[in-house]
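Each remark here refers to the structure printed beneath this line.
The values are calculated or read from the model by the stated rules, or taken from the named source; none is laboratory data. These figures come from a predicted structure and were not determined experimentally. Glycine also receives a Cβ, built like all others from the backbone with ideal geometry; neighbour counts cover every protein chain displayed. Protein only, heavy atoms only, side chains kept; ligands, DNA and RNA dropped before computing areas. Shrake-Rupley method; radii C 1.70, N 1.55, O 1.52, S 1.80 Å.
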Amino acid sequence: MVDVTRIRREVLTLPAAQLGPDNPLPPLRPLDEIHRVDDRERDDMPRDMARQLGYEPLHSLLPVRIRDGYGRTREPRALDALVIENDRLRATVLPGLGGRIASLVHLPTGRELLYRNPVFQPAAFALNGAWFSGGIEWNIGATGHTTLSCAPLHAARVPAPDGGEMLRLWEWERLRDLPFQVDLWLPEGSDFLLVGVRIRNPHERPVPTYWWSNIAVPEERRILAPAEEAWLPHCLEGVGGAPIGYERRLRRVPVPSYDGIDRSRPLDSPYAADYFYEVPDGRRRWIAALDADGHGLVQTSTDALCGRKLFVWGSGPGGRRWQQWLTEPGTGGYCEIQAGLARTQLEHVRLEPESEVSWLEAYGPLDTPAEGEWPAVVRSAEERLAAVLPRARVEEAHAVWKPYADTEPGESLATGSGWGALEVLRADWKLPGTPFAESTLGEAQAPWRELLRTGSLPEPRRVRPPGETLVAPHWRDMLETAPATPHTEYHLGVAQWHAGDRAQAVRSWERALPLAPSLWPLLRCLAVADQESGHHERAAERYAEAFDDLCHERRDDGEAWTAAVAALGREALEALLRARRAADARAVWDRLLPAVRRRGRFRLLEAELLLAEGRRADARAVLDTGFEVADLREGAEVIGRLWARLTDEPLPARLDFRMRPDTP
């Protein structure tokens, strides 16, 4: 009997931290500039690479919110999973967490082909915060881990080209306003999971596009790719999501070895690093991770997905600490092999108006010698890949799949957000294959649907932190013509700020103040504007006033208000300490909820406050208590710098998250 492909629901139970609520404050501050490369560095680069390095890098996270409400207390939690399986492979997908493939098992041998994280532990690696390690993730949007890392996607059954079933995942990516889909299927008897990906631009203007498929594999592997050179970001500040270093340089390095170290072996690198392979034109695109016996995973694709990359944590204490931070100590670490639309993750690709880009990826086992000289080992792996999955077969599978990309989904298996439905309702776009049904519209979209229908943004029905602001030009135009209520002026100011019209944004927020029933959201926005213009004393004053207003307005200690108090309290403390107003910072600290004060981020702020008050011994005692800062940003060195201000003693291993050499 033929063992046909099956798609079924499953529950995956893991020790898991709760994601918690999103940060209700709009992310007004610009993103770090560490992803930029100086213009003079581009002269020696390929023309397309140099052009794409400067093409519309992301400046803001708006309209997306920051996800920083998670902690590090893990308890058994049931995660909804979808399993697609034939008699050769079993893939476990998490539709509620960005469509991550958590596991890919080769059934005849029983081998797990990926690094499968035994826990779910969010950490601050995504563009908007919460991210987790392991498996295969789909990164769309802009340089870094996608804002959808811990967000739900739509999922459904779809007919496959071979008469079986595909699992379709799709969503609306909000940073660039683009719909995308990921189709997973297993042809009969196939040792390879096929993945068809499509990104569409329904707009009448070009849009910058970004995609990297990130595959976590055990770090005790040798990584092979068809290249003899790689682009290396020089002197890294942060890693994993492709940051660039302090010197803002990209340099070519030989593959696999330079500086006397074989960089194809992740544990041999002393520090975290990104290697973007320079795959020659016309060469087949692939990357593999093999153990000492020559067993492992290979990923290949059609040529549109041209980039290949290796990310390693390295063997240094900082890299080891991050590995422990992201999983259970003693369970083994991981590295990432990746595939993208450009040579590097610092580039964005132009997607023309009313067009699309698509490609096909394949993931499966590869058995070939991993030990030996680089040219021979790579050639042997390439020959073995050609034998088990010819390049022409991948091209043919892409061609066969493309007509099925428009096939309407059948049974719904998971539901994503309502933002795509709102955009389709606004523009009446026809997007065959990826329906964004009105039934998915929810509370977050309700006021914007009303603005679309009536031309007015409704006032909130009860006192609560403001909802999300839509900032795309078409929504900003609607806000500008809507009745100028304080609530509308607040959202208009956020949209104007995103558009770069900061002076007009400040005027909108100031106009709203005299009649606004809730002052703190406006005062906070004005405080950020003050900080960005260098007026730190005035920003501190406004933050203190905003926090006082929030404490008077807060209705309860529920999730929404607690998130607002924590978010605004943190920013107020940081602003007041920067302005050397320790007494006012202490007043804010004393009004924080006890549960908020116990969080690791606030214990760190407490130590800084104590140091500002001249209580050095008390500050040191706080650091000695062993708290954990759950949302410590990747590459951040704030703990090490505070430690150095307190003592000349070596930084303890539990506090060592340094990702670069020669840092304090």
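Only the Cβ atoms of Lys and Arg (+1) and of Asp and Glu (-1) were treated as charged; on that basis the dipole of the chain about its Cα centre amounts to roughly 1020 debye.
Only Lys, Arg, Asp and Glu carry charge here, each on its Cβ (+1 for the first two, -1 for the last two); on that basis the range 45-155 has a dipole of about 160 debye about its Cα centre. Atom-type composition of the exposed protein surface of the range 433-530 places 54 percent of the accessible area on carbon and sulfur (1.4 angstrom probe). Using only the Cα atoms of the range 528-664, build the gyration tensor, take square roots of its eigenvalues as a ≥ b ≥ c, and label the shape rounded, prolate or oblate: rounded if a/c is under 1.5, else prolate if a/b is larger than b/c, else oblate. Judged from the Cα gyration tensor, the range 528-664 comes out prolate (a/c at least 1.5, a/b above b/c).
Estimated purely from DSSP H runs of n ≥ 4, each contributing -39500 (n - 2.57), the mean residue ellipticity at 222 nm for the chain is -8500 deg cm²/dmol once divided by its residues.
Here the peptides 402-408, 18-24 are ranked by packing, the mean other Cβ count within 10 Å, and the order with the highest first is 18-24, 402-408. For the range 294-399, with all protein chains in place and a probe radius of 1.4 Å, 53% of the accessible heavy-atom surface sits on carbon or sulfur. Using bins of 5 Å that start at zero, the share of Cα-Cα pairs per bin across the range 101-194 amounts to 3, 12, 18, 20, 20, 15, 9, 4, 0, in whole %. State whether the range 444-494 is rounded, prolate or oblate according to the following rule on the C-alpha gyration tensor (a ≥ b ≥ c being the square roots of its eigenvalues): a/c under 1.5 gives rounded; otherwise a/b larger than b/c gives prolate, and the remaining case gives oblate. The shape class here is rounded.
Out of the total accessible area of the range 18-117 (probe 1.4 Å, heavy atoms of protein only), what percent is carbon and sulfur? Walk me through the intermediate numbers first.
Working: 1850 of 4330 Å².
So the carbon and sulfur contribution to the accessible surface is 43 percent.
If you average the C-alpha positions of the range 389-411 and of the range 470-516 separately, how far apart do those two centres end up, in angstrom? First find each Cα centre; the distance between them is then 45 Å.
So, for the chain, what is the accessible surface per residue at a probe of 1.4 Å, expressed in square angstrom? Provide the component values of the computation, followed by the final result.
Values: 25540 Å² over 664 residues.
Value for the chain: 38 Å² per residue.
Considering only DSSP beta bridges whose two residues both sit in the range 50-173, what percent are antiparallel, to the nearest 5?
Beta bridges within the range 50-173, antiparallel portion: roughly 90 percent.
For Arg6 and Arg111, the FRET efficiency from 1/(1 + (r/R0)^6), where r spans their Cβ atoms and R0 equals 25 Å, is about 0.80.
If you sort the three axes of the alpha carbon gyration tensor as a ≥ b ≥ c, you get a/c of 1.5 or more for the range 426-541 and a/b above b/c, which makes it prolate. From largest to smallest, the equivalent ellipsoid semi-axes obtained for the range 305-356 from the alpha-carbon gyration tensor read 34, 11, 9 Å. With the dipole of the range 474-580 worked out from charges on the C-beta (+1 for Lys and Arg, -1 for Asp and Glu) around the Cα centre, which of His487, Gln531, Phe547 lies farthest toward the positive end? So the residue we want is Gln531. For the chain, relative contact order (Cα pairs under 8 Å, six or more residues apart, normalised by length) works out to 14 percent.
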